[in-house]
Amino acid sequence: MNLTLHVWRQKNTGSAGRMERYDATDVNPDMSFLEMLDVVNEGLISSGKEPIAFEHDCREGICGSCGFVINGIPHGPHKGTTVCQLHMRHFKDGDELFLEPWRAKAFPVVKDLVVDRGAFDRIIASGGYITARTGSAQDGNNIQIPKGAADSAMDAAACIGCGACVAACPNAAAALFTGAKISHLGLLPQGQAERDRRALGMVAQVNAEMFGTCTNVGECEAVCPKGISIEVIARMNADYLRASWKDRGARKESGE
Amino acid sequence: MSPAAITGGSGGTLRFFESTIFKKAVMASTGAILFGFVTAHLLGNLQIFVGQDRLNEYAAMLKSNAEILWGARSILLFCVVAHIVSTIQLLRVNRQARPVAYAKKNNSHSTLASRTMYYSGPTIAAFVVYHLLHFTTGTLHPEFSQADVYSNIILGFQRWPVAIAYIVAVGLLCMHLSHGVSSMFQSLGFSHPQHTPRIRRFARTVGILYFAGFASIPVAVITGILRAPIVHL
Ligand code: SF4
Ligand code: FES
């Protein structure tokens, strides 16, 4: 199959980018989208041109490195997959595809389709963990967790931090990602001790980065490769509002 | 590890009133109060179908106690102002969040109502101003009578451009409600796998029913179902 690609080319963060047209010829339907780009890049390299930069690592849909927007949909038209697991059989001969990076102030373009998602790391660093030492593996059922809570926590923990939710959001908000991280610890007993500080810290960081704000439209959950539900956003809102109400000031709480 | 490590991102300590989640909570709670008002307003309006005397008595009853009337009006005004101020503050954040637009963007997963809140909102606000000048103060109503609300409505809607403007405006209002009424639960932190779909259905039903209710009055006037008033001189 033959495809026409329009790809966002941008030299570096400081320069302006533009769409450029490429032909992808004799595409094998069993290739993944990234493999198709690999072949296009081979051609570019052999003709002395700069290959298209895109991010990837595991290529099995679990690391969260890859991702760009295909025809206006982050990770492309197939539901519940990352671009590395999106196969060319979902496209047809003659398709015209527009490839763009995640577009958000908080995700500056590094090059072409690669963006800097350091903002997500800083959100995690503001509370997306527990400080207690976990020690070695415990006996099963030592800490009792209701099945429903364990399931919901696991659903939220499936977030791979790819950033598609930000890319899909009309406001470029990071609510689904942050909600997933707050939920996955907040639903488990081990996460309770720092639940309030976690919500306060992570939401503060989201506000400090240049993300937009949630308007509850739900574009994020439609494109999330891990099917995270916007229920996690409500949980973030609830945790943040409750933590703000209970807050006695960080200094008093830690006894400093 | 010290707790400072956990609150130690560059976000530092965010003041509650400056947080976007607080502003969404303001939008949700003021929206809930305004929704309550719209509901009462609709039920009041529909008494026009009972008759001229019934509607005028109801209107006189509402205005009979100045303290209650102005108390309610102040609460509503406060809600409108808080709702709009929060929206503008959040809109400013959102406008900066995506400096380079997509060449192609597919937004087909969200509802039209949810994506057009920023447009339906200001239009409704402008309509409310016109509506107050039209039916409350009478400034923009050529045949206005202080005591005869019924005649004001009939004579007002007999001008068909006015009737159409009202129908369009209540249409936008109901679209706004069909997203807002369910969205406020999410903003205040209530979400549930079974209840949330019900709340969304409820909000959509509210949108349709309220539109039918509000629009029925200008339609009934234009089509002559609601007859010209009896003028008591
Ligand atoms: S919530 Fe979904 S879309 Fe957002 S970062 Fe996590 S996995 Fe990606
Ligand atoms: S490369 Fe790891 S998820 Fe796609």
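Observations, loosely collected:
- Rounded to the nearest 500, the 222 nm mean residue ellipticity of chain A from helices alone is -10500 deg cm²/dmol, with -39,500 (n - 2.57) taken per DSSP H run of at least 4 residues.
- Qualifying chymotrypsin sites (Phe, Trp or Tyr not before Pro) in segment B:137-219, where qualification requires a DSSP coil assignment and no more than 14 other C-beta atoms within 10 Å, are lacking entirely.
- Acute angle (nearest 10 degrees) that the helix A:231-246 long axis makes with the longest principal axis of chain A, alpha-carbon atoms: 40
- Each of A:A175, A:T81, A:T131 was scored by the projection of its Cα onto the charge dipole of chain A, and the greatest displacement toward the positive side belongs to A:T131; charges sit on the C-beta of Lys, Arg, Asp and Glu.
- Interface area, B with A, accessible, probe 1.4 Å, both sides summed, Å² nearest 100: 4300
- Counting only alpha carbon atoms, the long axis of helix B:20-45 and the longest principal axis of chain B meet at about 20°.
- Per-q log10 I(q)/I(0), segment A:3-111, q = 0.17, 0.23 Å⁻¹ (Debye; single scatterer per alpha-carbon; no solvent): -0.82, -1.53
- Solvent exposure of segment A:126-256 as accessible area per residue, Å², 1.4 Å probe: 43
- Estimated [θ] at 222 nm from DSSP helical runs (n ≥ 4, -39500 (n - 2.57)) normalised by residues in chain B, nearest 500: -22500 deg cm²/dmol
- Angle between chain A longest axis and helix A:175-186 axis [Cα atoms, degrees, rounded to 10]: 40
- Out-of-range pairs (alpha-carbon distance over 24 Å; input A:K79/A:K181; B:K24/B:K63; A:K92/B:K104): B:K24/B:K63
- Coil-residue trypsin sites (Lys or Arg not before Pro) of segment A:90-154, DSSP, other Cβ within 10 Å capped at 10: A:K92, A:R133
- Nearby aspartates and glutamates by direct alpha-carbon distance to A:K246 (threshold 15 angstrom, same-chain neighbours under 8 apart not counted): A:E194, A:D196
- Probe 1.4 Å - accessible area at B:R73, Å² to nearest ten: 80
- Average Cα contact separation per residue, segment A:3-111, under 8 Å, 6 or more apart, as relative contact order %: 35
- Span from the segment A:126-161 Cα centroid across to the segment B:120-148 one, whole angstrom: 57
- Centre separation in Å (Cα based) which lies between segment B:177-199 and segment A:50-117: 32
- Using a cutoff of 8 angstrom between alpha carbon atoms and counting only pairs six or more residues apart, the relative contact order for chain B works out to 27 percent.
- Largest-first ordering by accessible area, 1.4 Å probe, given options A:L113, B:L69, B:L43: B:L43, B:L69, A:L113
- Relative contact order of segment A:86-182: 26 percent, from C-alpha pairs under 8 Å at least 6 residues apart in sequence.
- Residue among B:P197, B:P142, B:P99 with the largest mean-square fluctuation in a Gaussian network model of chain B, springs linking Cα atoms under 10 Å: B:P99
- Lys, Arg +1 and Asp, Glu -1 on Cβ, resulting dipole of the protein assembly as shown about Cα centre, debye, nearest 20: 1080
- Loop-located GluC sites (Glu not before Pro) in segment A:7-69 (DSSP state not H, G, I, E or B) with no more than 10 neighbouring Cβ atoms inside 10 Å: A:E60.
- Computed E for A:T131/B:L140 - FRET, C-beta separation, R0 60 angstrom, nearest 0.05: 0.40
- Within a straight-line Cα-Cα reach of under 16 Å, A:K11 can be paired with the following lysines, leaving aside sequence neighbours fewer than 8 residues apart in one chain: A:K49, A:K111.
The values are calculated or read from the model by the stated rules, or taken from the named source; none is laboratory data. Just so we're clear, the structure is a prediction, and the values are computed from it rather than from any experiment. Positions of Cβ are backbone-derived with ideal geometry, glycine not excepted, and every protein chain shown enters the neighbour counts. The protein model used for the area step is the full one, side chains on, heavy atoms only, and it has no ligands, DNA or RNA in it. Shrake-Rupley method; radii C 1.70, N 1.55, O 1.52, S 1.80 Å.
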